[in-house]
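Student: Here you go, one structure.
The values are calculated or read from the model by the stated rules, or taken from the named source; none is laboratory data. Keep in mind the model is a prediction, meaning the values are calculated, not measured. Every residue, glycine among them, receives a Cβ derived from its backbone with ideal geometry; neighbour counts consider all protein chains shown. Heavy atoms of the whole protein, side chains included, go into the accessibility calculation; ligands, DNA and RNA do not. Shrake-Rupley method; radii C 1.70, N 1.55, O 1.52, S 1.80 Å.
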Amino acid sequence: MKYAKEEVIQYVAEEDVKFIRLAFCDVYGKQKNISIMPDELPRAFDYGIAFDASAIAGFGDEAHSDLLLHPDPGTLTWLPWRPEHGKVVRMFCSVTYPDGRPFECDTRSLLRQAEADAAKAGFSFFFGAEQEFYLFELDEKNNPTTVPYDTAGYMDIAPEDRGENVRREICLTLEQMGIRPESSHHEEGPGQNEIDFRYTGALAAADNVMTFQTVVRTVARRNGLCADFSPKPLESRPGNGFHINISVKPDASSKILDQVIAGILEKTVPMTLFLNPTPASYFRLGKMKAPKFVSWSAENRSQLIRVPAASGEYKRAELRSPDPSANPYIAFALIIRAGLYGIRNGLKLPSPVDINLFRADPEVLSKLAELPGDLISARAAAASDPFIVESLPAEIREIYLA
């Protein structure tokens, strides 16, 4: 349910809410929050809540440390794992300077602007997220280990799949928070799991990714486990992907989606730094179904982009290179910008590569462009690319390129 300011204030008063968490994320997508009491809620809506941003990555230094959080009432949700009496609720926030100017490194506002620009052009982008994660055991001091919770394989069932009940609890918790999981299953790696969401608008989808990671980590800890979203937790096992399903409306003839895919393919190399922002991201790419080449095909999981077997409202493209270390607000904003670039320039979709790239002849592979092979190469590809310069504020570019 989407609330207005007045409805949030009424909800807090009537539902025995004692703490309101104002949530945001740093430039790398790590979630942060500050808690306020109910009496402070009107001030938060009218003026914002000040916080010291000097210790947050990319948010300034001691000389320019004051920023304000402005809660978005439409994102109100309660936290089911907190006490039912004396509830805790959460809202995502936008970030501004004290004089009201938008803060350049507020990536949620960056995505909101990309979504608005798409709407002005007559298009709406929708995203469905698929994030993989490992469940590891804790040691005797409750510190994370790299010992997988089970040794099950792809879509195995209990008792081999010991994560079944954990995924169930995650899905039920997400439903209580207004998020609709579509499916869940054990992945290929030992202790590796995946939960997929129904598609929604760009900003809501990115908010859901942030909520999802929080819920997974919280439920895992309640079960005496650690959830690991890093790109390559185990060297010889599959990495964690962040597969992004993209659809665009209106798109009655599929021509628009083709142009969107063409735009993403053309801009994917300079975008890679922001979709795969850590050194470990590049240990995953090119291995165990993670893409290495700039190519697309229908239903082919060896490709950068695949077009799943679907029709009507479910027709979509799946981008398979990102990993969960990516900031979802930046990732979705860049995908929208690349898609609009493809539409605006009427780009034609290149021919599909209908082969298994993990078993292809080297001569065939030599004709395909490759994704950057390490973080240094990804930074070089993004450094002076005109598309990246136009799509991201200088402050964000400088942080990722540093």
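Student: Which is farthest toward the positive dipole end of the chain among Asn193, Phe123, Ser391, measuring Cα position about the Cα centre, with Cβ charges +1 (Lys, Arg) and -1 (Asp, Glu)?
Tutor: Phe123
Student: Something else about it: Which helices, taking whole DSSP H runs in the chain, have alpha carbons extending 15 angstrom or more along the helix axis plus mean Kyte-Doolittle at least 0.5?
Tutor: Long hydrophobic helices here: 255-275, 328-344.
Student: Compare the Cα positions of Ser297, Asn245, Tyr329 along the charge dipole of the range 233-352 (+1 at Cβ of Lys, Arg; -1 at Cβ of Asp, Glu; about the Cα centre) and return the one farthest towards the positive end.
Tutor: After comparing all options, I get Ser297.
Student: Would you work out the charge dipole size for the range 222-367 about its Cα centre, treating the Cβ of every Lys and Arg as +1 and the Cβ of every Asp and Glu as -1, and quote it to the nearest 20 debye?
Tutor: For the range 222-367, the charge dipole is close to 140 debye.
Student: Go through Ile49, Phe103, Phe59 and say which Cα lies farthest out towards the positive end of the charge dipole of the range 42-127; charges sit on Cβ, +1 for Lys and Arg, -1 for Asp and Glu.
Tutor: About the Cα centre, the residue reaching furthest to the positive side is Ile49.
Student: Please check which bits of the range 123-167 a label hung off Trp81 would reach, taking the label as a point 7 Å along Cα-to-C-beta and the cut-off as backbone N under 13 Å.
Tutor: What the label zone holds, given the 13 Å backbone N cut-off, is 166-167.
Student: Search the structure for amide H atoms under 5 Å from the amide H of Asp72, placed 1.01 Å from N in the peptide plane, and list their residues when 5 or more places away or on another chain.
Tutor: Amide H to amide H, under 5 Å and 5 or more residues apart or across chains, Asp72 pairs with Phe92, Cys93, Ser94.
Student: For the range 141-179, state which trypsin sites (Lys or Arg not before Pro) are in a DSSP loop and have at most 11 other beta carbons lying within 10 Å of their beta carbon.
Tutor: Lys141
Student: Keeping every protein chain present and rolling a 1.4 Å probe, give me the accessible area per residue for the chain in Å².
Tutor: 45 Å²
Student: For the range 309-372, which GluC sites (Glu not before Pro) pass both filters: DSSP loop (anything but H, G, I, E, B) and at most 10 other C-beta atoms within 10 Å?
Tutor: none
Student: In percent, what relative contact order does the range 1-72 have, based on Cα pairs under 8 Å that are 6 or more apart in sequence?
Tutor: Relative contact order comes out at 25 percent.
Student: Do any chymotrypsin sites (Phe, Trp or Tyr not before Pro) in the range 60-120 lie in a DSSP loop with no more than 11 other beta carbon atoms within 10 Å, and if so, which?
Tutor: none
Student: How large is the convex hull of the C-alpha atoms of the chain per residue, in Å³?
Tutor: Taking the convex hull of the Cα positions in the chain, it is 155 Å³ per residue.
Student: Next question. Considering only protein heavy atoms and a probe of 1.4 Å, how much of the accessible area of the chain is carbon and sulfur, as a whole percent?
Tutor: 50 percent
Student: Largest first, please: the extent of the C-alpha atoms of the range 1-120 along each principal axis, to the nearest Å.
Tutor: Its Cα atoms span 39, 38, 26 Å along the three principal axes.
Student: Charges only on Cβ, +1 for Lys and Arg, -1 for Asp and Glu: so what's the dipole of the chain about the Cα centre, in debye to the nearest 20?
Tutor: For the chain, the charge dipole is close to 760 debye.
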